[in-house]
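The values are calculated or read from the model by the stated rules, or taken from the named source; none is laboratory data. Quantities reported herein were computed from a predicted structural model and do not represent experimental measurements. Note that we place each Cβ from the backbone using ideal geometry, even for glycine, and neighbour counts take in every protein chain shown. Just the protein is used for accessible areas: all its heavy atoms, side chains included, with ligands, DNA and RNA removed. Shrake-Rupley method; radii C 1.70, N 1.55, O 1.52, S 1.80 Å.
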Amino acid sequence: MLNSQTLCFEWLRSKKEDVKPSTYNKYEMIINNYLISFFEKNTLEQLNIEVIKQYLMKLINKGLSSSIVQSIKNVLKAIYITYEDQYGLNHIDFSLVKIEQDKKENEYLTDKQFNQLHQYCMKEKNDICLSILLAMDTGMMIGEICALKVSDIDLDKQLIHISKRTQRVKNDEEGSKTVYDIYDVEWPILRDITIPKELFFYLQEYLDCVDKDCYLTSCQDVVSDFTKLQRGLDRIGHILGFKTTFKDLRNMYKERCLRSCMDIHIVMELLGVQSMKLSLPENYKSSDEEKKKQINKL
């Protein structure tokens, strides 16, 4: 009989050089917290659709989010596929195992709320407001924002150069749950972003009192803490009467670009992605006249 727990760790070791440290840590967490206990009662040889469905449903009923359960399914699938041919395991169609997505608690901001947040941040020259404006006006990810140095801002050319990204990684040696690691990025994440006019004037004032060797949002030689920035966004949102996240602000930037009929390839370049997932808003229905208008643009 195969030792499924041993194979989990064998698979994990094989991924060490292939994935980012944060991804590796996520895989390790999933195996240690969920799959080791799962394989105490099951083996890879015994797996089938029903066994997998029952286990994942049990996790959902315990209160785990659909995104975490989806990740557990993905890791289980990757491990199973790795050893399927090697050990002659029965083929399992994991696409038949559906994870119903949680309904999003926070809808994207309305245009009015978006403008309220933007106006609020434009009036305040601090790390929190700058971080929010960068997400709103450039679509940058929080890890990219934190990795920016003052020297990455070229006001003469009105460009922000993105060459690095920050990520949280586990640090067992120092007894800390996570530390921040900065790494170089490649295309398409490696890119230049044009600075919009209002953000340009904001940065002109902000950069007057910041050393060029410092990280932009921390004004020090260490990066800003992700949690601190999100808490700052939460505080401002509480004042204004709504809640949002940096990820939401990036997605809203994408939606605003698309609504303005910006070239889709330019949008992808600005966001630093090779492909873009688009979804139809719930209950969306255009008028017959609007369809005709759009079709006639062809």
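Tabulated values for the structure
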| quantity | calculated |
| --- | --- |
| Long pairs among Lys125/Lys212; Lys16/Lys212; Lys254/Lys291, criterion Cα-Cα beyond 28 Å | Lys16/Lys212 |
| Loop GluC sites (Glu not before Pro), the stretch 201-298, which have at most 13 other Cβ atoms in a 10 Å radius of their Cβ (DSSP) | Glu282 |
| 19 Å reach of a label modelled at Gln101, 7 Å along Cα-to-Cβ, counting backbone N of the stretch 218-244 | 244 |
| Which of Val222, Val19, Val75 is most accessible, then next, and so on - probe 1.4 Å | Val222, Val19, Val75 |
| Normalised convex hull volume, the chain, alpha-carbon set, Å³ per residue | 194 |
| Dipole-positive endmost among Phe242, Tyr120, Leu203 within the chain (Cβ charges, Cα centre) | Phe242 |
| FRET efficiency, Asn251 to Arg231 (Cβ-Cβ, R0 22 Å, nearest 0.05) | 0.65 |
| Disulfide-incompatible cysteines by the Cβ rule (no partner under 4.7 Å) in the chain | Cys8, Cys146, Cys209, Cys214, Cys219, Cys257, Cys261 |
| Estimated inter-spin distance, Asn3 and Leu64, nm [label 7 Å along Cα→Cβ] | 2.4 |
| Helix axis angle, 226-240 relative to the chain longest principal axis, alpha carbon, degrees | 60 |
| Full-stretch length increase - Val150, Met29 - with 0.36 nm per residue and alpha-carbon distance subtracted | 40.0 nm |
| In the stretch 23-79, lysine pairs closer than 19 Å at Cα, eight or more apart or cross-chain | 13 |
| Simple label model, 7 Å out from Cα along Cβ direction - Lys53 to Asp18, nm | 2.9 |
| Nearest 10 degrees, 0 to 90: helix 246-259 Cα axis against the chain principal axis | 70 |
| Between helix 111-122 and the chain: long-axis angle, C-alpha atoms, 0 to 90°, nearest 10 | 70 |
